[in-house]
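Novice: Below is one structure. I have some questions about it.
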Amino acid sequence: MRAAVLLHSVGRRGNDRLAPRTDQGSSVRTKTSLAALAAAFAVVVTGLTGVVPAAQAATVVPDGSNQAAAAASCWEVKQVKPSATDGVYWLLTPQLRTPTQFYCDMTTDGGGWVLVGRGRDGWNWDGDAQGTPAQIASTPTGQSAFAPKKLSTATVDALLGGKRVDALTDGIRLRRAATVDGTSWQDVRVQIRSLASWSWAFGAGHPLTSASFDGTSFSGATSRDFGTTSTLSSNRLRRVWTFESSTNGWVRGFNYGSGVTGSTASSSYLYATGSGNATPFTQVFVRPRLRQSDLSFETVPDAGTSAVTALPVAKSGSLAQPWGVTGTGAGGTGELATEVQAFAQIGNTMYVGGNFTSVRNQSGTQSEGQSYLAAFDATTGEWISSFRPTFDNQVRSLAALPDGRLAVGGEFTTVNGQGRTGLTVLDATGALSSSWTTVVENRGTSAKVSVRGLDVSGGRLYVGGVFTHLVRGTNAAYARNAGRIDLSTGNGDAGWNPNFNGSVAALDVSDDGARAYFAGYMTASGATTVKKGVAISTAAGAAVTTPAWNPTYSTGGASYQQAVKQVGGKVWLGGSQHSMFSYDTTDFALKDTGITKAGGDLQAITGGLGDKVAYGGCHCGDWNYSGTTNYDNFNPGTTSVQWTQAGKISLLGAWDNTTGAFVTTFAPQWKSRGGFGVWAATVAKDGTLWAGGSIQTSVKDGGGNQFSGGFARFAQRPATAPSAPSDAKAV
C-alpha cells in the first residue's frame, strides 16, 4: 500500500506527471514504484476517473479504459476486450513511466494499432515532438488534423517497450487519403530491414524488406522512395516518397508520384502546388504486441529512486534575436568568408567575428556600420554599441585571455588604423592593448597570412593557420602554420614549432594541457607523417604524440579536416566528405562515427556544459547516418548497408557525448546564404548555444520566422532535476 499512498499524494497536487514526459525533455525526481503504477493508480484520488479500491488493483483488467487499467498496447486492449472500438485508450510501459492516452485503431486488420503521427503537408522529420500526444489522440483525422502532429522518437520507442523497430511483426502502416475529398483511402505497409530505434527520417532511406499497397506487394527498396513509378492509372497511387524536392515545391510529407494531382485548398486531402506529386493527409500507425504481464517495471525503494535527468541539449527553436550582423566584407562571398566565423565570451559579453560589414536590429529600422568584429550582451543578445574597433579584413578566430583581454586572429593587416597583421589583442573598450605588439608573418613564397585557430593554455596563446613566423619587434620565432606565444612577454616560442607542411583550420589544447589537437590540410609535422588530424605534445620540441593519432578518413578522395574539439574523454574531428568522428583521448581509438548526406562537410565543433553534448556545424541540410565511416560506398538499398541509424540534420547537429548517439530532437529550422551553413559554435556560460555562419533567418522557439543575421541562439532544454518531494500523506 505504500506505493499507492505516495501516488495519492502526487495526485492531490493536480495529477502531476510522475516522471519525464518523453515529449518534453524535462527532468524530475520520482517517489513512486514503477512496478506498481498500473495498480496504484486505482487508489481513489481527486481528478482520476473510473478508479477502483486499491485492494482490487491487482485484478484490474488492462483494457485501457482508465489510468488504473492502462494496457501495455492497443493490441493488448483488443485482446482482453475484443469489442473495443476505435478511440482513445490509456497505455503504460516502463519506458512511458506514466499512463498516457493514445488513439487506437481497433478495426483495421484485427485492430490494435496506435497512432503515432498524422497530418498533411509540413511534417518535421526530426526526432522532436510536433504537438502533444493529447492533440494527436483527440484529433486523429479530418481537416482539423491537416497540420501535422507527431510523437517524439522517445515516445514512440517507449510505446515499443524497448523493442527494436525492425522487430515489429506488422511493420509500419500508413493510412493515406486517395482522393481530394477524403472519401477514399489507401493502406500502405512497410517492413524496415534494420532499425533499432524509431526515426522520423523516412527520407534518409531506411532499407526495407517489404512494401505493399492495399495488400499488393511492391519491391520498394527504401523508405525514401518505394512503390512503382508507373503512370498506368491503376498504379499511380502506388508510390511513397518522403524526400524534399523542387518537384513538389519542397513540401514535406508522404507524397505520391507525379501522376497524382491535388490542390492547395485548405479542405483538400491531397495538397499539391503543381499538376502532380500530391501530398496526402496521412496517419502513421504501429502495432507493438505488448502485454502488461510480459513487462518488467522497476522496483522502487521506499526512499524513492535517484533523479531522472534529461540530456542538456539545446532546443531546436531559436531565441528571440534583437540584433545580428549583415553584409560581406573584404573576404569575399564564398564559404571561407561567411558572415560569422568565431565566438568568444568574456564576462557577460559575447564577441562575434567574421566577414560582416554591419550590425542591424530585428526589424531593420536600425543599422550601423561595424565590420568584422562586434560585441553583444551574452544574456539578451543586444548589440553593445560602445565596442567599435576597426579592421580592414575578416576575423577568423577569437580567444578570451585570462586577464580579460580578447585575442583576435584573421586576415587583416590594420586594426584601429595601425599595422597589425593576422593577430592582435584588444581591451574591453575595443582599443589595441598597449602591451601587445606581436604579429604574424608569412615569409614564404605566397606571403598569405591567415589565423584560423586560437586557444589559451598554461599561460600561452596557441596559434594556427597559414604563416611562418610569430614576430614581436626583433624577436621572430619560426613557427610554420602553428606555434605559441608567451602571454607574459608576447614572444613566440622558438622551441615549439610543429612545422606543418599544410595549413591549420582549427586547434584545441587538451583539457590537461599536455597536447594540442590540430585539424587541417597538413600531411607532415617536420619529418613525421600525419593525417590532417594530429596531436602534438605541448612539451618543448612539439613532437607528435605517442601513441600517434591516426584518424580515419571517410573517403579515398578529399580528406582535409576542418574542426577539432575535446569534449570530456573524447576528441571530435570533422571535415571533408561529411565526417563527424570521435576518438578516445587516451589511445585515440575510434569511438563514434557519423556521415552527413547529401551536402555536409563538418566545419565547427564545440561541447556543451558538463561535456555531455557535442555539437557539429556543417553545410548539411539532409541526414546524418550513424555507425558508418564510408562516405563513398554505402547504399541503403542493398543488403550491405553499413549505417545503423539515420536522423535529420540541418546545418548543426548534436551528439550524446557519452553514447555517441546522434540526438534527433535537436534540428533547427533556418536558412543560410549559399547554403554555407555553420562555421562557428560555442556554448555560453548560461548554457545558451550560439551558432554562426551565413545564417539569414531561423524559426523561433514556439514558431514563427525571424531575422537571424549571421548567427542564432538556442536555449538549453531543462536538464536539472528538482529536489525530491517529501512528507507524503494519505487523506
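A short reminder: the numbers here are calculations on the coordinates, not readings from a lab. Source: prediction; values computed, not measured. With ideal geometry, Cβ positions are generated from the backbone for all residues, glycine too; neighbour counts draw on all protein chains shown.
Novice: Taking the Cα centre of segment 323-714 as origin, sum charge times position over the Cβ atoms of Lys and Arg (+1) and Asp and Glu (-1), and report the length of that vector in debye to the nearest 20.
Specialist: Charge dipole, segment 323-714, about its Cα centre: 440 debye, nearest 20.
Novice: List every residue whose amide H lies under 5 Å from the amide H of Gly575, counting only residues 5 or more places away in sequence or on a different chain, with H placed 1.01 Å from N in the peptide plane.
Specialist: Residues meeting the criterion, in which the H sits 1.01 Å from N, are Gln562, Leu602.
Novice: Read phi for every residue in segment 264-278 and hand back ³J(HN,Hα) as whole Hz from Karplus 6.51 cos²θ - 1.76 cosθ + 1.60, θ = phi - 60°, with x for Gly and Pro.
Specialist: 8, 4, 5, 9, 6, 6, 10, 8, 8, 8, x, 8, x, 6, 5
Novice: Pull up the DSSP beta bridges for the chain and report the antiparallel fraction as a percent, rounded to 5.
Specialist: Within the chain, antiparallel bridges account for around 100 percent of the total.
Novice: Can you list residues whose amide H is under 5 Å from Gln645's amide H, if they're 5+ apart or on another chain and H is modeled 1.01 Å from N?
Specialist: Amide H to amide H, under 5 Å and 5 or more residues apart or across chains, Gln645 pairs with Ser626.
Novice: For the chain, what does the relative contact order come out to in percent, with C-alpha contacts under 8 Å and a separation of six or more?
Specialist: Relative contact order, the chain: 11 percent.
Novice: For segment 109-224, what log10 I(q)/I(0) values come out of the Debye formula at q = 0.13, 0.14, 0.17 1/Å, with one point per alpha carbon and no solvent?
Specialist: Listed by q, the Debye log ratios stand at -0.52, -0.61, -0.93.
Novice: Tell me, what ³J(HN,Hα) does each residue in segment 171-188 have, in order and in whole Hz, if you take phi through Karplus 6.51 cos²θ - 1.76 cosθ + 1.60 with θ = phi - 60° and put x for Gly and Pro?
Specialist: Computed from phi, the couplings for segment 171-188 are x, 10, 10, 10, 10, 10, 5, 10, 9, 4, 8, x, 8, 10, 9, 10, 10, 10 Hz.
Novice: May I have the convex hull volume per residue, in Å³, for the Cα set of segment 323-714?
Specialist: Taking the convex hull of the Cα positions in segment 323-714, it is 132 Å³ per residue.
Novice: What ³J(HN,Hα) values, in whole Hz, does the Karplus curve 6.51 cos²θ - 1.76 cosθ + 1.60 give for segment 697-712 when θ = phi - 60°, with x put for Gly and Pro?
Specialist: 9, 8, 8, 6, 4, x, x, x, 8, 9, 5, 9, x, x, 8, 9
Novice: Could you line up Thr100, Thr474 from fewest to most neighbouring Cβ atoms inside 10 Å?
Specialist: Lowest to highest Cβ neighbour count: Thr474, Thr100.
Novice: Can you tell me the length gained on complete extension of the stretch Ser138 to Ala330, counting 0.36 nm per residue apart and subtracting the Cα distance?
Specialist: 63.5 nm
Novice: Expressed as a rounded percentage, what relative contact order does segment 379-460 have, with Cα pairs under 8 Å and six or more residues apart?
Specialist: It comes to 28 percent, rounded to a whole number.
Novice: I would also like to ask the following. Long-range amide H contacts for Ala506: which residues qualify at under 5 Å (H placed 1.01 Å from N, peptide plane, sequence gap of 5 or more or a different chain)?
Specialist: Those qualifying (amide H under 5 Å, at least 5 residues apart or on another chain) are Ala519.
Novice: Once Lys and Arg get +1 and Asp and Glu get -1 on their Cβ, which of Ile346, Pro725, Ser503 lies farthest toward the positive end of the dipole of the chain?
Specialist: Pro725
Novice: Same structure, new question: Please give the FRET efficiency for Ala428 paired with Ala524, using the beta carbon to beta carbon distance and R0 = 45 Å, rounded to the nearest 0.05.
Specialist: The value I calculate is 0.65.
Novice: Give the peptides 487-500, 454-467, 658-671, 356-369 in descending order of average Cβ contacts within 10 Å, highest first.
Specialist: Final packing ranking: 454-467, 658-671, 487-500, 356-369.
Novice: Once semi-axes √(5λ) of the Cα gyration tensor in Å is worked out from the coordinates, which option in (i) 42, 30, 25; (ii) 51, 30, 24; (iii) 41, 36, 27 does it equal?
Specialist: Among (i) 42, 30, 25; (ii) 51, 30, 24; (iii) 41, 36, 27, the one calculated here is (ii).
Novice: Measure nothing fancy, just the Cα-based angle from helix 2-11's long axis to the longest principal axis of the chain, in degrees from 0 to 90, nearest 10.
Specialist: It works out to around 80 degrees.
Novice: Further question on the same structure: Order the peptides 679-686, 707-714 from the highest to the lowest mean number of other Cβ atoms within 10 Å of their residues.
Specialist: Ranking, from highest mean packing down: 707-714, 679-686.
Novice: Sort 690-700, 427-437 by packing, meaning the average of other beta carbons within 10 Å per residue, with the highest value first.
Specialist: Put in order of decreasing packing, that is 690-700, 427-437.
Novice: Of all trypsin sites (Lys or Arg not before Pro) in segment 88-141, which ones are in loop regions per DSSP and have a Cβ with at most 16 other Cβ atoms within 10 Å?
Specialist: In loop regions of segment 88-141 (DSSP not H, G, I, E or B), there are no sparsely surrounded trypsin sites (Lys or Arg not before Pro).
Novice: Follow-up. Cα to Cα, under 27 Å, and not fewer than 8 places away if on the same chain: which lysines meet these conditions relative to Lys78?
Specialist: Cross-link targets: Lys149, Lys150, Lys163.
Novice: Taking every pair of alpha-carbon atoms in segment 671-731, give the share separated by more than 15 Å as a whole percent.
Specialist: 62 percent
Novice: Right, another one. Could you grab the relative contact order for segment 113-286? Cα pairs under 8 Å, six or more apart, rounded to a whole percent.
Specialist: 24 percent
Novice: Right, something else. By how many nm would the segment from Ala548 to Ser217 grow when fully extended, if each residue of separation counts as 0.36 nm and the alpha-carbon distance is taken off?
Specialist: In short, 113.8 nm is gained.
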